[in-house]
Structures are given as C-alpha cells and as structure tokens.
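For reference, the structure is listed below as structure tokens.
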Amino acid sequence: MLEIKNLHAKVEGEDIEILKGVNLKVNAGEIHAIMGPNGSGKSTLSKVVSGHPEYEVTEGEILFNGEDITELDADERAHLGLFLAFQYPVEVPGITNKTLLREAYNTIARANDREELDPIEFEDYITEKLDVIEMKDEFLSRSINTGFSGGEKKKNEIFQMAVLNPVLSFLDETDSGLDIDALKVVSDGVNKIANDKNAIVMITHYQRLLNYIKPDYVHVMMAGKLIKSGGFELAEELEANGYDALEKELVLNGEAQ
Amino acid sequence: MSEELSDGVKELESMIGEEYKYGFTTDVEYEDFPKGISEEIVRELSRVKEEPEWMTEFRVKAYHAWKEMEEPTWFNATYNKPDFENLLYYSAPKKKPQLDSLDDVDPNIRETYEKLGIPLEEQKMLSGVAVDAVFDSVSIFTSFKEKLAEAGVIFCSMSEAIKEHPELVKKYLASVVPVRDNFYSALNSAVFSDGSFCYIPKNTKCPMELSTYFRINNMNSGQFERTLIVAEEGASVSYLEGCTAPMYDENQLHAAVVELVALDNADIKYSTIQNWYSGDENGKGGIYNFVTKRGICKGKNSHISWTQLETGSAVTLKYPSVILKGDNSVGEFYSVAVTTKKQQADTGTKMIHLGKNTKSTIISKGISAGQSNNSYRGEVKISKNATGSKNYSVCDSMLIGQECGAHTFPYISSENPTSSVEHEATTSRVGEEQIFYLMQRGISEQDAISMIINGFVKDVLKELPLEFAVEANKLLDVKLEGSVG
Ligand SMILES: Nc1ncnc2c1ncn2[C@@H]1O[C@H](COP(=O)(O)OP(=O)(O)OP(=O)(O)O)[C@@H](O)[C@H]1O
Ligand SMILES: [Mg+2]
C-alpha cells in the first residue's frame with residue numbers, strides 16, 4: 001500500500017535536512033508503530049507523507065498503491081485515502097466540525113466517483129460515528145478544535161478518522177494527552193476502524209498504547225532514519241532500556257552511522 | 001460549506017486572474033464645471049440644479065464654514081492630500097439629467113449598469129428592489145417610483161426632493177450630521193451634487209428594498225453625494241448601497257454624507273457593499289472614501305442598524321454611527337472591512353447612548369492581507385441619563401501574510417453606573433497550518449481559504465439582505481484570491 005524508499009526531506013527554502021533516508025513498507029491490514037526520541041523526525045515523516053508544503057523532498061520516493069505521490073498536493077493525497085491525526089491539532093475558528101467533515105467527506109467521495117451524502121443523510125452517518133469513540137454531539141457544532149481541551153482535540157482527530165474512513169492513517173502521538181479512560185475508548189475506536197483493507201501507522205512514545213492497539217511492526221526512528229524494525233518485543237526493549245542503549249548496541253554492531 | 005458558498009467558489013474559479021472587474025470607463029459627453037472651488041462655483045452649482053434660494057444659502061454657508069476648517073489627520077492612514085483646487089465639483093452626463101423614462105437614458109450609461117449587473121429595466125431587476133442609479137454627480141434613474149408612491153413612500157434623487165419636498169428636506173437635512181461636523185461633511189454640504197432621498201410615512205413598512213448604486217466614471221470629478229432617510233413613527237425600511245469606479249492612476253475623492261432619522265418605533269436597516277477601485281499593487285490610484293454616516297434613533301423603541309462590507313478604496317475613513325436618543329432604542333453596527341495590496345482602512349463606529357435602556361451591538365471583522373493597514377476605531381459613550389443601557393462590542397482582526405497590519409482603537413466612556421459596556425477583541429492569523437489541516441482532510445486550498453474567511457465573517461454577513469449576502473461572499477473570494485501562500 002505504502003512504500004517509502006530512501007526518503008530525504010528538508011525544510012523548504014532552507015538547508016535543514018530532517019529526513020535522511022527513510023525506508024518503510026506498509027501493507028493493507030497492517031498496524032505499524034514508530035517510536036523514537038524527541039526531534040528525531042517522526043512528525044516530519046507523517047507531514048511529508050501527507051504533503052505539507054513546508055517540506056521539500058530532495059531524494060527518494062513515496063509510493064501509494066504503486067503511484068508516486070511526492071508531487072501531489074495534500075488534498076489530492078487525502079482523496080487517495082491518506083489521513084493524518086495531528087500531534088497538535090489546529091484550531092480553525094468559524095468552521096464547525098460538522099461543516100468541515102461534510103465538505104471533506106463529499107469532496108473525497110466526489111474525487112472517487114462515490115456518492116455524496118446530502119445534509120440529512122450525512123447527519124445520520126455522522127451521528128453513528130460519534131459512538132465509535134463516545135463523543136458528545138455538541139462537538140459537531142463547535143468550531144474545529146477551538147477551545148477544545150488537549151485530550152478532546154486528540155479524540156476529535158480519531159472521530160474525523162472514523163468519519164472519513166481512510167485507507168492509510170498516520171496517528172501522531174494520539175495517546176499523549178488522553179486520560180486513562182479516554183485512551184481506552186480511543187484505542188477501542190481505532191481497533192474498530194482497523195480492518196484488512198486499511199492500514200495504520202502510529203507514532204508514540206509509550207508502550208501503553210501498544211498494549212491496546214497491537215502493532216504488527218515496531219520501528220525506531222533516530223536522527224531522520226528508521227534505524228531498527230521489529231515486533232512488539234522491540235517496544236518492550238525500548239521501554240526497559242531507553243534509546244541510548246539501542247544506539248550503543250547499533251554502534252557496536254556497526255549499523256549506525 | 002453552504003450551497004451559495006460552493007457556488008461562489010465555482011464562480012471564483014472562473015474569475016481567477018480577473019482582478020477588479022468593474023474598472024472599465026464609459027464614454028459619455030460631460031457637462032463639466034471648471035476645476036476648483038469658490039463661492040461662485042457653489043452658487044453656479046446650485047443655479048444649474050435650479051435649486052431654491054434656501055438651498056443656495058445652505059451651500060454658501062457651508063462653503064465658508066469649510067474654508068475655515070482644517071483637514072483632519074488623526075486617523076491611521078497616510079496619503080497624498082486631495083488637491084481641492086484641482087477637482088471637478090460638478091460633472092454630469094450631458095443628456096437630460098432627470099429622466100421620465102428609461103428610453104431617455106444615454107445607451108452607454110445603460111450599458112454600464114448592465115455590465116455592473118444592475119439592469120435598470122424594472123422587469124429585469126431583482127424583484128423587490130428599487131434602484132436609484134447615481135452616475136458621477138447625478139441620479140440617472142429611479143425605478144419603481146410609482147409602486148412606492150402607492151404606499152406613500154417617497155424614493156427619489158436628492159435633487160428632486162429639494163424641489164418636490166422642500167419641507168421635509170429643510171426639516172431633516174443636516175439635522176443628524178451638522179454642516180460643521182467635520183471637514184468633509186462641510187465640503188459635502190457645500191457641493192453635494194445628488195444622492196437619494198427616502199421618506200417612509202407613519203406605520204408603513206416599505207414594500208421593497210430600496211437601493212442606490214453609485215458609480216464614479218469621470219476621472220477628475222469628486223463624488224459628493226448626500227443621502228437622507230427618514231422613517232416616521234412605526235415605519236420600517238431596508239436600504240442597500242453599492243459602489244464601483246473605473247481604474248484610474250489618479251486618486252478620486254468620494255466624500256458622502258448619509259443621514260438616517262428613525263422616529264418612535266421606526267426601524268432602518270442600512271447595508272453597504274463598498275467596492276470602489278482600490279488602486280494597484282503599488283498603491284497607485286484608487287478612491288479616497290471619506291464618508292460621514294450617522295443615524296439618530298430619535299424616537300423611543302426605534303432601531304437603526306448599519307451593515308457594511310468594505311472591500312474597495314485606496315483609503316477609507318468611515319464611522320457609521322448611531323445616536324441613541326429615544327428610550328429603549330437600539331443601534332447596531334456590523335462590519336467586515338477587507339484590505340489587500342496597499343489599501344488603508346480606518347473604520348469603525350460610534351454609539352452615543354443618551355436615552356434610557358438603550359442598547360448597542362458592534363461586531364467588527366477586519367481582514368488584512370498584502371501590505372495593507374486595517375484599523376478599527378470604535379467609540380461607545382454612555383451619558384449620565386442613559387440608565388440601564390448596554391453595549392456589547394466584538395472586534396476581531398484576521399491577518400493574512402506577514403506584511404499587513406491590524407489595529408484596534410476602542411474609546412469607551414460611561415457616565416452611568418447602571419449601564420454596562422462589554423468589549424472583546426481578538427487578532428488571529430490565517431496560517432499555513434490551518435490551511436494544511438483542512439487540505440489534509442481533502443479540501444482544496446482555495447476552498448480552505450474561503451471557508452476560513454467565510455467562517456470569520458459569517459456573523460456579519462448574515463445581517464445582509466439575502467441578495468447581497470451571495471454577492472458579498474463572491475466579492476470576498478475574488479478579493480482575497482491569491483492572498484495566501
Ligand atoms: N519547519 C521547520 N524548521 C526548522 N526545523 C524544523 C522544522 N520542522 C521540523 N524541524 C526540526 O526537525 C526535527 C524533527 O522534528 P519532528 O517534529 O519531526 O520531531 P518528532 O520526532 O516528531 O519529535 P517529538 O517526539 O518531540 O514530537 C526537530 O529537530 C525539529 O526542530
Ligand atoms: Mg512529533
């Protein structure tokens with residue numbers, strides 16, 4: 001589904017290279033987790049894949065279902081089914097959650113020759129989705145993320161994911177900021193959305209999330225590269241020993257630069 | 001996104017790159033005065049307009065008052081002062097100014113209004129909107145006059161009102177904006193050429209929207225129009241004003257005075273879409289829009305509401321105000337001011353609470369893009385006797401890009417402890433992050449921008465009459481096209 005090959009990216013117009021040769025392959029039905037120290041480039045990777053204009057791909061390619069999407073605008077990538085749950089969801093005053101989602105849903109439907117929903121049909125559809133993460137319907141008529149608490153913003157991202165039903169989702173630290181109960185509810189929601197046709201890439205700092213949403217693969221990102229991949233046990237190892245130990249081990253093995 | 005909005009966006013796509021689409025000129029023969037101003041010019045103007053003696057004297061007095069006044073400089077804008085000696089104070093198309101039938105209108109002028117989307121034929125007009133078309137200095141045509149007359153409503157050009165309804169004009173002209181109120185009101189009182197006059201009799205709801213469409217065509221002429229709206233006890237009216245001008249490299253002066261009078265239980269709603277030419281990227285050309293607009297809620301329970309969408313002009317100085325004299329009267333000001341390129345707008349309102357239990361609401365939304373400068377200046381004054389009065393003000397600014405400016409200058413004074421004044425102000429920037437967020441959800445860049453802008457201004461635009469609201473959305477989209485990114 002997604003194939004990232006030797007991806008290098010820098011800040012547009014500047015000489016700051018952040019991604020330094022990322023390789024990643026994600027198939028339908030898989031759940032991946034990316035872990036890594038602060039500033040290692042995890043969010044940047046998710047933004048570059050989604051088409052954020054602030055970054056420029058200088059080398060490598062991003063293939064989505066075989067198509068190179070590096071030149072596509074963010075909205076065109078979204079039409080292909082790419083979704084990003086932001087680490088820091090943006091407040092957009094004046095536009096309600098519902099307006100955004102109806103417009104987004106129908107735009108994506110149009111781009112894929114699927115049927116659009118009229119406002120009444122959409123109302124039913126969206127109300128159903130509220131249950132997925134036990135969200136109150138008052139959030140529908142509030143401006144996007146405006147005045148939402150930190151946890152509410154994160155929840156709202158997964159709610160949007162449920163409504164838009166993407167093919168591939170990047171969840172950037174969705175667990176940070178959620179209380180214990182909310183984390184469970186949101187994780188249940190993600191598990192409900194996950195199926196054998198879609199895929200999820202979670203970025204997280206904590207093994208706790210992975211206890212709720214079981215990843216098939218765990219990757220470690222450091223200094224702009226995915227330096228190690230493994231299964232769930234890699235997360236446990238990191239939780240126990242930290243990144244330093246991993247880095248040393250890799251140096252000893254001559255795998256790190 | 002609403003239906004109109006997405007239509008507006010589609011429309012927008014076809015307009016991309018179109019810039020200011022009203023910038024054409026009309027080829028007409030003019031009857032001009034020599035340039036410059038003097039008592040002789042003022043008298044000659046009055047004579048050409050066949051005005052009665054009292055009007056001539058009104059003008060001459062105003063001229064002398066103006067001569068002694070200083071041009072104001074207190075606002076947040078810089079520009080080359082108009083050269084008052086180099087202006088044309090009267091410029092009328094040569095054909096007979098006041099016309100009985102549309103057939104008499106110069107075909108070129110008729111075509112102009114067609115192009116502007118304001119056909120003058122009644123059957124082609126928006127149903128339920130009567131139009132007074134002002135071309136440079138004179139009113140060209142007023143539609144639906146007869147239908148309005150049946151309801152007792154007088155809607156005609158100011159020139160005609162001076163001749164046909166002198167008692168009303170004498171009683172109310174300059175009763176809200178005194179001649180000496182400010183430099184430009186004095187100048188306007190001396191040389192105003194035309195404008196609209198509306199009178200709604202007692203207990204009458206005006207059967208249709210009234211509107212005036214102003215067009216400055218002649219390059220060197222100033223436009224000084226004068227509008228007076230009087231709503232008698234229990235009367236109500238909704239009035240719309242639209243304006244455009246051709247693109248010239250020279251600045252043109254527009255100095256209007258608008259007065260509204262609402263008696264007991266009367267209701268006046270005044271809406272403006274101002275789209276004068278705003279000059280080019282380098283700030284060359286464009287209209288100086290120096291306008292005095294004021295209404296008085298003279299009677300108890302009366303209501304005056306100003307709604308404006310200001311998108312044009314090189315420099316705008318404009319503060320539509322309400323004097324709340326009658327007990328329980330209500331004043332409202334809803335404004336969206338958009339500046340792009342090198343435009344400068346200093347606009348806002350004054351709410352003067354004199355009567356008991358008077359209420360005022362101010363909602364001002366400023367959008368600045370390019371290298372423009374957008375200031376809000378609002379005064380709320382609650383006098384000693386205005387027991388139980390309330391004001392609520394919201395003043396939000398949105399910045400697009402890094403080179404523009406937004407400023408808020410509230411002036412609040414309350415001399416009555418039982419009254420309350422509430423003021424909120426915010427400034428936000430339309431960020432790349434917001435646009436990216438919406439685009440990540442599948443929305444195109446242009447739709448994202450237009451959603452953000454429309455979300456920002458919707459509290460104001462919903463106050464506009466429906467036909468205007470659609471127009472307004474489109475205008476905003478075109479105006480801000482390409483401002484981000
Ligand atoms: N626009 C930018 N300009 C300059 N530096 C940037 C920019 N965007 C990202 N960076 C830098 O790139 C590095 C990676 O940032 P990124 O946000 O991807 O880290 P992260 O792995 O998500 O960290 P965290 O775990 O703290 O969220 C950081 O050092 C960051 O400061
Ligand atoms: Mg991050």
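Counting only protein heavy atoms, what percent of the accessible surface of the protein assembly as shown is carbon or sulfur at a 1.4 Å probe?
47 percent
Tell me, what HN-Hα J-couplings in whole Hz come from the Karplus equation 6.51 cos²θ - 1.76 cosθ + 1.60 at θ = phi - 60° for each residue of segment B:180-193, using x for Gly and Pro?
After applying 6.51 cos²θ - 1.76 cosθ + 1.60, I find 8, 3, 7, 3, 7, 6, 5, 4, 4, 4, 6, 10, 4, 9 Hz.
Which residues' amide hydrogens lie under 5 Å from the amide hydrogen of B:TYR90, considering only partners 5 or more residues apart or on another chain, with H built in the peptide plane?
For B:TYR90, whose amide H was placed from the backbone, the distant partners under 5 Å are B:PHE33.
For segment B:271-283, in order, what is each residue's ³J(HN,Hα) by Karplus, 6.51 cos²θ - 1.76 cosθ + 1.60 with θ = phi - 60°, in whole Hz (x at glycine and Pro)?
Ordered by residue, 3J(HN,Hα) equals 10, 10, 10, 9, 9, 4, 4, 9, x, 8, 4, 8, x Hz.
Roughly how many debye, to the nearest 20, is the charge dipole of segment A:1-60 about its Cα centre, given +1 on each Lys and Arg Cβ, -1 on each Asp and Glu Cβ, and no other charges?
Once rounded to the nearest 20, the dipole reads 280 debye.
Taking 30 Å as R0, compute the FRET efficiency from the Cβ-Cβ separation of B:LEU168 and B:ARG47 and round it to 0.05.
Efficiency for this residue pair is about 0.85.
Under the classification rounded if a/c is under 1.5, otherwise prolate if a/b is larger than b/c and oblate if not, where does the protein assembly as shown fall, given a ≥ b ≥ c as square roots of the Cα gyration tensor eigenvalues?
The shape class here is prolate.
Name the long-range amide H neighbours of B:THR316: under 5 Å, sequence gap of 5 or more, or other chain; modelled H, no Pro or chain starts.
Placed amide hydrogens put B:ASN289, B:GLN344, B:ALA345, B:ASP346 under 5 Å from B:THR316.
Would you list A:ASP172, B:ASP459, A:ASP137 from the most to the least accessible area, probe 1.4 Å?
A:ASP137, B:ASP459, A:ASP172
Among A:ALA111, A:ALA223, A:ALA182, which one moves the most in a GNM of chain A with springs linking Cα atoms closer than 10 Å?
Looking only at A:ALA111, A:ALA223, A:ALA182, the largest GNM fluctuation is found for A:ALA111.
Tell me, what is the per residue accessible area of the protein assembly as shown in Å², probe radius 1.4 Å?
So the protein assembly as shown comes to 40 Å² accessible per residue, rounded to a whole number.
Summed for both chains, how many Å² of accessible area, to the nearest 100, are buried between B and A with a 1.4 Å probe?
Interface area, both chains combined: 2200 Å², rounded to the nearest 100.
List every residue whose amide H lies under 5 Å from the amide H of A:ASN65, counting only residues 5 or more places away in sequence or on a different chain, with H placed 1.01 Å from N in the peptide plane.
Amide H to amide H, under 5 Å and 5 or more residues apart or across chains, A:ASN65 pairs with A:LEU2, A:GLU3.
Tell me what chain A gives for mean residue ellipticity at 222 nm when only DSSP H runs of n ≥ 4 count, each as -39,500 (n - 2.57), the sum divided by the residue total, rounded to 500 deg cm²/dmol.
That comes out to -12000 deg cm²/dmol.
The values are calculated or read from the model by the stated rules, or taken from the named source; none is laboratory data. Remember, it's a predicted structure, so these values are computed and weren't measured experimentally. Positions of Cβ are backbone-derived with ideal geometry, glycine not excepted, and every protein chain shown enters the neighbour counts. Each accessible area value is taken on the protein alone, full model and side chains, heavy atoms only, with ligands, DNA and RNA left out. Shrake-Rupley method; radii C 1.70, N 1.55, O 1.52, S 1.80 Å.
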